[in-house]
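I have placed the structure first, in the form of structure tokens, so that the comments after it can refer back to it.
Derivation of every value follows stated rules applied to the coordinates shown; laboratory data play no part. Here the structure is a predicted model, which means the values were calculated and not measured. Positions of Cβ are backbone-derived with ideal geometry, glycine not excepted, and every protein chain shown enters the neighbour counts.
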Amino acid sequence: MGAVGQASEVSAGGCPRAAGPWTSSRALRPPLPPLACFLLLLLAAPGARAAGYETCPTVQPNMLNVHLVAHTHDDVGWLKTVDQYYYGTKRNFQHASVQYILDSVISALLADPTRRFIYVEIAFFSRWWHQQTNATQEVVRDLVRQGRLEFANGGWVMNDEATTHYGAIVDQMTLGLRFLEDTFGSDGRPRVAWHIDPFGHSREQASLFSQMGFDGFFLGRVDYQDKWEREEMLEMEQVWRGSASLKPPTADLFTGVLPNNYDPPKSLCWDVLCADEPVVDDPQSPEYNAKELVNYFLHLAPLQGQHYRTNHTVMTMGSDFQYENANMWFKNLDKLIRLVNAQQANGSRVNVLYSTPACYLWELNKANLTWSVKHDDFFPYADGPHMFWTGYFTSRPALKRYERLSYNFLQVCNQLEALAGPAANVGPYGSGDSAPLNEAMAVLQHHDAVSGTSMQHVADDYARQLAAGWKPCEVLLSNALAWLSGSKEDFTFCRNLNISICPLSQTATRFQVTIYNPLGRKVDWMVRLPVRKGVFLVRDPNGRTVQSDVVIIPSTNKQVDRSELLFSASVPALGFSTYSVAKVASWNPQLHAPKPSPKKSSSHVLAIENEYIRATFSPETGLLVEVENMEKNLLLPVQQAFFWYNASIGDSLSPQVSGAYIFRPNQPQPLPVSRWAQTQLVKTALVQEVHQNFSAWCSQVVRLYPGQRHLELEWTVGPIPVGDSWGKEVISRFDTPLETDETFYTDSNGREILERRRDYRPTWNLNQTEKVAGNYYPVNSRIYITDGKVQLTVLTDRSQGGSSVRDGSLELMVHRRLLKDDKRGVGEALMESGSGAWVRGRHLVLLDTFQAAATGHRLLAEKEVLAPQVVLAPGGGARYNLGAAPRTQFSGLRRELPPSVHLLTLARWGPGTLLLRLEHQFAVREDSLRNLSSPVTLDLRDMFSAFTITHLQETTLAANQPRASASRLKWTPNTGPTPRSTPYLLDPAMVRLQPMEIRTFLASVQWNKNG
């Protein structure tokens, strides 16, 4: 129903009655009408039908329709923690309380049936919902059913798009959308994606949203130059083609750029946090301003509308944590709507109405226009000259790594819960639960969480939530491993292996090591455990002795040398292997090769190699100078070293400084941490390493294991010294002679690859103001350069910023420590102390032919993100079932998955139901040598060994609607018509995956006895 030209009054104890236009409405209504009036209003509400586009308000076809979207943007942590924001504590940091916002909004919606509101962050809404009475919940359900309370986006959070991995994005969206589906059914299902605050937008995000069934996507922040161009060319709205592999319109998503980021127009903010004057519509009052505001609005609306192609435009009426006093907002919006629409009698062609993003989108779709198509992404984002938001790609690297490790652990937890069934949740170790870590991981995807752009105390709380989530998952893993292995061991999770700490392996003379592999293929994994010096005997699951070494790790900074036990473990697909370790009393030359001590190289040639790779270092500088792929007969000069950019504190060109969000170096040339490195060489039968010490705060180990086709660079940086009053942004740089034509390549959220060109944007003529920061892009998993023949690829273990600032060069920012705040709201410098100041990470380097490189980096990236999980136990545990012998090896698959197929999700969904996602992880034409870019067909009927699938239903990507009944609005791109979808059929015996396709299933299962 359209907005009415009347306001309402409430008489004492009664229900609303009409008031004429341009009259006073000081006593418009009490903040909380009686419940009896609520119920009458609900019964009389317009459009009380199933939620969806049918409930949208009526518009005026021959007028400019201004859709007012009442909304609040509630960060799931930023200046305050999640709990502080919800409850409203710590007002000295920020006045914000989500519980009061939702209380107030619901009351205000019930006071007038024309009002509408959207809500986004399900992490907050679900908490509020569970604290409401049954009566309130029913009232809210009615509001949702009528379309007056609409959910946009629907994820647990509004995730970041630069520093998030696609698997974690899918998980957090699934969590939020499932809550809405379980709570409101299809009435609560969001139709539009709503990312109004993330600082740049990835193409993969558009692809994922398309596959989740969204009809449209609205953005708040785009580059200021991009926006100027779009406004001039009438391309504020277009079709975004989210994939170069998936056939249109599978990944096509209608995308609109909002006119005011996500804020109200100037002078029209009527929140308690704003200072704009309220609408005074009493002509007798000396404060009367209604006519002036109406004239301003009638001037403003056409100015805004001229940048859009239809007779519809949208205004976002709300902002950060607004609507704590929703009556204040709605009372003024009521007046604005009534007063502006009253001018239609005087010839005005402007129609104002309460609306929602979905209803606005519906009108655009009905316009039946042909829309331009976008093929690239929205990175990097700048909000002014010299103001590139590319620093957060790296900010808080320790938290970024913790998030990535937690994703790895959550998938292991989910898989074992699925494989073991109910035994994982209730067992000898207590109650196991994956939900706390799932929710914590979802929170971490928020655009101020994994991005590293919150205050320090909030970042600490994010880490606390992850740690709290790990604990019940460890119980679950223990229950599941005991059930599947048939042995109740005293399992130990060594969380500090990255700093060589594990009390059990360092004190016990006998213990066992269980390695769980979350991949759909067998892996060979080099296990490294800290031990005391000595000789150890390692046996595989069949009791056979395997080769092992105790390696002395060279000390740095006068620390005591450490010893690590190494052995290679072979672990089956989606399963585990258990190895036994025993310290032996005497030396047995048949078990061990001689153990060389670490030594400083005096040889003219300093090199490490295995059967595939050789890495050569300069004996003068200790730096890596050459990498050779002996298998492919490729030799490439590669000089790698660490440098740092001096962070800007402002200059004559701009006062902009480097901060948590912004990267702005003082000069384009970085300074070397050191021009040489002290080196020590370690060579054994199981590993070859060069230990490089660049400075007191920067070191690296370059490593090769047998059978490995990549070079591992394990770097340690921090605490970065800032006593010289210089903020520092540290990079690892690889320089080669490759002629790369100003071009390099980065991944998009860990999936598809995008081409990047220096000082260039595909859709507008760039005025480049920062030669370094303006060419930085997010790197979630890999970056590479190529001359079309040879390709150098570097994989990361977390999200980082990266670039190729000059031809043949590739760099990744690994850490940053800054002295100034960049004036984007945080209010404190990025000056981490404690554990966040000292960071260790890995870069994996691949040298290959251009034609074969994709095979290497695709499979290696999969293994890096989902690494095996190592669990220790003293051994000798009691049998789980007296009638069943323990087993030391297990696979949850009856046959391995093909190399091109990735098991993205295997998780419990409900009693007797699992969530299953299978993904083709190669792009079209990416691999031709092994045919890995071809479609793959799978038989799911007997794929798993731990359970039998009895029924299979395919769903959209977020598992909130059946694929067979899912439908999306159709748009006409200017690239020509898209093919019609083929009739949907599901045959579990022939599930076909096209390149880059993800298919999602809900499987009813029966678990087998004892796994």
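For the reader, a short list of remarks on this structure follows.
- Net +/- balance of residues flanking residue 416 in space, Cβ distance below 13 Å, scoring K and R +1, D and E -1: -2
- In the chain, the longest principal axis of the Cα atoms and the axis of helix 853-865 are about 80 degrees apart.
- Degrees separating the helix 134-145 axis from the principal Cα axis of the chain, which is the longest one: 80
- Annotation for segment 68-136: trypsin sites (Lys or Arg not before Pro) lying in DSSP loop with at most 13 further Cβ atoms inside 10 Å of their Cβ are 91.
- Normalised by the number of residues in the chain, the mean separation of alpha-carbon contacts (under 8 Å, six or more apart) gives a relative contact order of 13 percent.
- The distance separating the Cα centre of segment 719-770 from that of segment 530-548 comes to 44 Å.
- Filter on 227/771; 471/728; 374/970; 374/863; 331/366; 266/820 - keep pairs with C-alpha separation over 24 Å: 471/728; 374/863; 331/366; 266/820
- Sequence-separation-based contact order of segment 741-883, relative, with Cα cut under 8 Å and 6+ spacing, percent: 20
- Dipole axis of segment 430-500 (+1 Lys, Arg; -1 Asp, Glu on Cβ), positive-most option in 472, 453, 494: 494
- Set of lysines with alpha-carbon distance to residue 632 below 19 Å, sequence-local pairs under 8 removed: 789
- Rounded to the nearest 20 debye, dipole of segment 181-226 from Cβ charges on Lys, Arg, Asp, Glu: 80
- Cα gyration tensor shape for segment 939-1011, rounded if a/c is under 1.5, else prolate or oblate: prolate
- Here the chain is assigned +1 on the Cβ of each Lys and Arg and -1 on the Cβ of each Asp and Glu. Its dipole about the Cα centre then comes out at about 2300 debye.
- For residue 673, distant residues with modelled amide H under 5 Å away: 642, 643, 644
- With at most 14 other Cβ atoms within 10 Å, longest stretch of the chain clear of loop GluC sites (Glu not before Pro) (DSSP): 288-610
- Lysines whose Cα lies under 28 Å from that of residue 533, excluding same-chain neighbours fewer than 8 positions away: 558, 583, 595, 599, 600, 683
- Residue-wise HN-Hα couplings along segment 371-384, as the Karplus relation 6.51 cos²θ - 1.76 cosθ + 1.60 with θ = phi - 60° gives them from phi, are 10, 5, 10, 9, 10, 9, 10, 10, 10, x, 9, 10, 9, x Hz; Gly and Pro carry x.
- Local charge for residue 629 was computed over the other residues whose Cβ lies under 12 Å away, with Lys and Arg +1 and Asp and Glu -1, and equals -3.
- Global form of segment 207-257, assessed from the alpha-carbon gyration tensor, a/c cut-off 1.5: prolate
- Tensor-based shape of segment 744-852 (alpha-carbon gyration tensor, a/c under 1.5 rounded, otherwise prolate or oblate): oblate
- Charged-residue dipole, Cβ positions (Lys, Arg, Asp, Glu), segment 739-790 about Cα centre, Debye nearest 20: 140
- Using alpha-carbon coordinates, inclination of helix 456-485 to the longest axis of the chain, degrees: 60
- Lys/Arg +1, Asp/Glu -1 at C-beta; segment 344-443 dipole; positive extreme among 412, 385, 428: 385
- When shorter helices are ignored and each DSSP H run of at least 4 residues is given -39500 (n - 2.57), the per-residue value for the chain at 222 nm works out to -6500 deg cm²/dmol.
- For segment 465-512 versus segment 171-203, the gap between their alpha-carbon centres in whole angstrom: 35
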